[in-house]
1. Mind sorting 7, 92, 45 by how few other Cβ atoms lie within 10 Å of their own Cβ, fewest first?
2. Given 67, 80, 38, which one lies farthest toward the positive end of the charge dipole of the chain, if we put +1 on the Cβ of every Lys and Arg and -1 on the Cβ of every Asp and Glu?
3. Can you tally the lysine pairs in the stretch 2-112 where the Cα-Cα distance is under 14 Å and the two residues are eight or more apart, or on different chains?
4. Give the long-range amide H neighbours of residue 92: residues separated by 5 or more places, or on another chain, with amide H under 5 Å away, using H modelled in the peptide plane at 1.01 Å from N.
5. Restricting the count to DSSP beta bridges whose residues both fall in the chain, what percent are antiparallel, rounded to a multiple of 5?
6. Please tell me the relative contact order of the chain in percent, rounded to the nearest whole number, where contacts are Cα pairs under 8 Å and at least six residues apart.
Amino acid sequence: MTEEKNILTAEDVKELQPMYAAVIQALKEVYDPEIPVNIYDLGLIYELNVNKAREVSLLMTFTAPNCPMADQVMAEAKQAVEAVPGVTKCDIELTFEPVWDKSMLSEEARVELGLDYEEDDYSKLND
């Protein structure tokens, strides 16, 4: 029965869409300190969910498992999302599966980093 309460209706989705978009915009304000691109366009956000209680859950990764700034970036992401009007809570889960690779970059990130789609070398992104 609890699961049914959490299932979003079409009306719920329509109502939550502006908040979802605002959360994405907030994530675009959080930057990887070693790469001049935001965490959303870097492809570090694997999942973004908003439930009826307006709680946001993120599944995210980093470009390398040993990122020395991981805690700081996750804290900044949580703070940015929780600052979005209407958001009641933000939980972040960290994963390294699948392993991040440059195919996860947005087109904006590729342009910012000067990468071509066919380019194999991503040495500019080493953490």
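1. Result, fewest neighbours first: 7, 92, 45.
2. Working it through, the farthest residue towards the positive pole turns out to be 80.
3. Values: 5/52; 14/52; 28/78; 52/89; 78/89.
Pairs that pass both the separation and distance tests number 5.
4. Amide H to amide H, under 5 Å and 5 or more residues apart or across chains, residue 92 pairs with 58.
5. Just about 50 percent of them are antiparallel.
6. Working: 157 pairs, mean separation 34.7, N = 127.
Reported as a whole number, the value is 27 percent.
FYI, it's all coordinate maths here, none of it is from the lab. Keep in mind that what you see is a predicted model, and the values were worked out from it rather than measured. Here Cβ is always computed from backbone atoms with ideal geometry, including for glycine, and neighbour counts include all displayed protein chains.
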